[in-house]
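Chemist: One structure, as structure tokens, below. Some questions next.
The values are calculated or read from the model by the stated rules, or taken from the named source; none is laboratory data. The model shown is predicted, which means the values in this text are computed figures rather than measured ones. In this analysis, Cβ positions are derived from the backbone assuming ideal geometry, glycine residues included, and neighbour counts consider all displayed protein chains.
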Amino acid sequence: MTLDQNRRRIDIISDDGFAEDLTNVTLDDLRDRRRICDIVDSELSYYRRLLHGRMDLLAFEMRRRSGEETRSLIEALPEILAESDAGAHEDLPARSLPIEAPNIPATGRRDIDRVLEDDFLAHLPTIETAEIEEIQALLTETEAAISTQRRTVYDAYERIQSELSRRYRDGLADVDELLSS
């Protein structure tokens, strides 16, 4: 499978041939595919963290408006963000990848980029409850799509890693080669 640099990486990973019939793929190509999975997984994880932070802030605001919470959003902010950062929403095993802000292109914006651009947090106190509910629904829908993509990446990564491990275990690849590259 030749990797088309003009396609989005998630589309490349989602392609049926990306993680299928790996026994015929060169070792270097397997490593490149695994590297792409790592990069995309890091980006999707970053996006999920941003979405969950916003979702947690909106949930707090809804509790505050219903009287379940007496603190202001500013008073509760450290606790809310600490809970979001603790990974309470993670549904995939962590692979200890660094989380860095991805480079977001100025053109060709994705849905996630548009959702995260929304500045509703700046004027949260003035937003009607019905609009907050709409924003929550949009964030939840976007998070579900990101999670589905992340599951696809994770599954591809696992198949690629399994093939790499098999090659090392069966002596088809040299572990010492890793140290020199």
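Chemist: If you take the residues of the range 116-136 that are aliphatic (A, V, I, L, M) and under 15 Å from residue 57 (Cβ atoms), which of them is surrounded by the most Cβ atoms within 10 Å (Cβ to Cβ)? Can you show your working first?
Modeler: Taking the range 116-136 and keeping what is aliphatic (A, V, I, L, M), we get 116, 121-122, 124, 127, 130, 132, 135.
Checking the rest, the ones that are also under 15 Å from residue 57 (Cβ atoms) come to 116, 121-122, 124, 127, 132, 135.
On the way: 116: 16, 121: 14, 122: 8, 124: 15, 127: 15, 132: 17, 135: 19.
The residue in question is 135.
Chemist: Moving on. State whether the residues of the range 46-56 include one that is among the aliphatic types (A, V, I, L, M), under 30 Å from residue 18 (Cα atoms) and in a helix (DSSP H, G or I). Walk me through it before giving the result.
Modeler: At the first step, the residues of the range 46-56 found to be among the aliphatic types (A, V, I, L, M) are 50-51, 55.
In the following step, the residues that additionally are under 30 Å from residue 18 (Cα atoms) were identified as 50-51.
Pick out the ones that are also in a helix (DSSP H, G or I) and you get 50-51.
Scanning the range 46-56, I find at least one residue that is among the aliphatic types (A, V, I, L, M), under 30 Å from residue 18 (Cα atoms) and in a helix (DSSP H, G or I), so the answer is yes.
Chemist: Yes or no: the range 19-35 includes at least one residue that is under 26 Å from residue 155 (Cα atoms), at pLDDT 90 or above, touching a helix residue (DSSP H, G or I) at 6+ places or on another chain (Cβ under 7 Å) and of a type in the set (D, E, K, R).
Modeler: For the range 19-35, residues under 26 Å from residue 155 (Cα atoms), at pLDDT 90 or above, touching a helix residue (DSSP H, G or I) at 6+ places or on another chain (Cβ under 7 Å) and of a type in the set (D, E, K, R): present.
Chemist: For the range 124-163, which residues satisfy the criterion of being closer than 20 Å to residue 45 by Cα, in contact (Cβ under 8 Å) with a residue 12 or more places away in the chain and more than 16 Å from the chain's Cα centre (by Cα)? Can you show your working first?
Modeler: Pass one, the range 124-163, residues closer than 20 Å to residue 45 by Cα: 136-161.
The next check asks that each one be in contact (Cβ under 8 Å) with a residue 12 or more places away in the chain; those that pass are 136, 138-140, 142-143, 145-147, 149-157, 159-161.
Of everything in the range 124-163, those that are closer than 20 Å to residue 45 by Cα, in contact (Cβ under 8 Å) with a residue 12 or more places away in the chain and more than 16 Å from the chain's Cα centre (by Cα) turn out to be 136, 138, 159, 160, 161.
Chemist: For the range 57-69, how many residues meet the condition of being assigned to a helix (DSSP H, G or I), over 30 Å from the mean Cα position of the chain (by Cα) and free of Cβ contacts under 8 Å to residues at least 40 places away in the same chain?
Modeler: Looking only at the range 57-69, we keep the residues that are assigned to a helix (DSSP H, G or I), and these are 57-66.
Adding the requirement that they be over 30 Å from the mean Cα position of the chain (by Cα) leaves 65-66.
In the following step, the residues that additionally are free of Cβ contacts under 8 Å to residues at least 40 places away in the same chain were identified as 66.
Counting residues in the range 57-69 that are assigned to a helix (DSSP H, G or I), over 30 Å from the mean Cα position of the chain (by Cα) and free of Cβ contacts under 8 Å to residues at least 40 places away in the same chain gives 1.
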